[in-house]
Each structure stands twice: as structure tokens, then as C-alpha cells.
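Colleague: Here it is, the structure in full.
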Amino acid sequence: MSLEFTIPKTAIYIQTLSQFTANFNTPTGGKYDFNNAGNVNKKVLDLLSGSLYLITRVTVGGNISQEQYLGNIINVPMAKIQYQSEAQTVYPYPIPIVQFSDGLEAVSWFYSDRAGESLSMSLDTGLLNQDTSLIGVASVTLNISLTVFQITDGGYIQNWKGSNQQATIGARTTNTAPQKFFVGIDR
């Protein structure tokens, strides 16, 4: 089963890629630690004021095999997606990176109503061990990609705003997708 969305044909498809690195022995001896400044608030996407955005999928991969990754997790890395200027999260909770995935459905609608706003991602938690399969691997990199649609169609945005399911930058964020006009389930 997958979710289907009716969005305007003029919607712009955007595929992002963010890389997060954990170096061996830094800052935690004998471990790969994602808790470092280079993994915090990485700019993912500049947002256009007056645009509606739909994140549909999160894809995760890395420079080691999934078996190596799973066999060495001590603390699960957690991805936070947020608006950079306010550090307000897009999802109510961080996304746990428990395995590599190709197209995990993780739907979020949000509206940008401020100039100069951007979307950022942090992966500032997570600790991996080094078993024999990782000896000689200086760092572990996780690649996290978002599938995003940017919608600028004024009529569509007005219908979305009228659905009372809007998520906007600021205190009004609800992180829920409109159910009737915007989402259908494909069985």
C-alpha cells in the first residue's frame, strides 16, 4: 500500500542529499560518533516564501553495508528536519535511522511564509561500534535524501489553507497532512 497525492502538474520535484559523517575515535574513543558539529543544521533546501512543500519520502544509505551498520549500532542515529532560522522541527519527533531504506514514506506538508527561510537537517546523535568488519574504515557516512515537492499554485495553496490541516513556519505547525482533498490511499 502506498499513499497517493493529487498535486498540481506545475509542482516542482526536488531530490535532496545530505551526508553525515562519524569519524572513528572522534569524539568518542573506539567508536564512530555522529555527535559532532559538522552534523548539525546542514542546509538541505532554500525555501521560497509563499510556497507549499510536501515531503513524501526519506531514503537512507551509507558507505558501509547495511549488515555492518546494523551489527554495530550502540545508539541509533536520529535525524531531525527543521526550519533553519527557528530550529522548529518539521516532524514532531526525530526519524530513527534503524536501517538503510529506499523510499521510506514520511509525509509532511508545510507552508513557507517568510523570506530567506531554509530547511536543515541534523544527525547529532548516534554511536556505532567497530567490529572486525569495520577495521580500517576511518569514518562512516550516512546519506539521507528527501523527496520534496514545491507547490506554487495559488488556488491549490488556498484550498490547502482552508482545510485546517496547514503546517506553517511558526507556532501554528501541526505536521499533519490534509485527508480529503490532498491524500488518497492506493490499495
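Throughout, read-outs are computed from the coordinates displayed, never taken from laboratory work. Bear in mind the structure is a predicted one, so any value in this text is a computation, not a measurement. Here the Cβ positions follow ideal geometry from the backbone for every residue, glycine too, while neighbour counts run over all protein chains shown.
Colleague: Which semi-axis lengths, in whole Å and largest first, follow from the square roots of five times the eigenvalues of the Cα gyration tensor of the stretch 11-163?
Modeller: Ellipsoid semi-axes (Å, largest first): 33, 15, 11.
Colleague: Among GLY30, LEU48, SER145, which residue has its Cα positioned farthest towards the positive end of the charge dipole of the stretch 11-163, with +1 placed on the Cβ of Lys and Arg, -1 on the Cβ of Asp and Glu, and the dipole taken about the Cα centre?
Modeller: Final value for the positive-end residue is LEU48.
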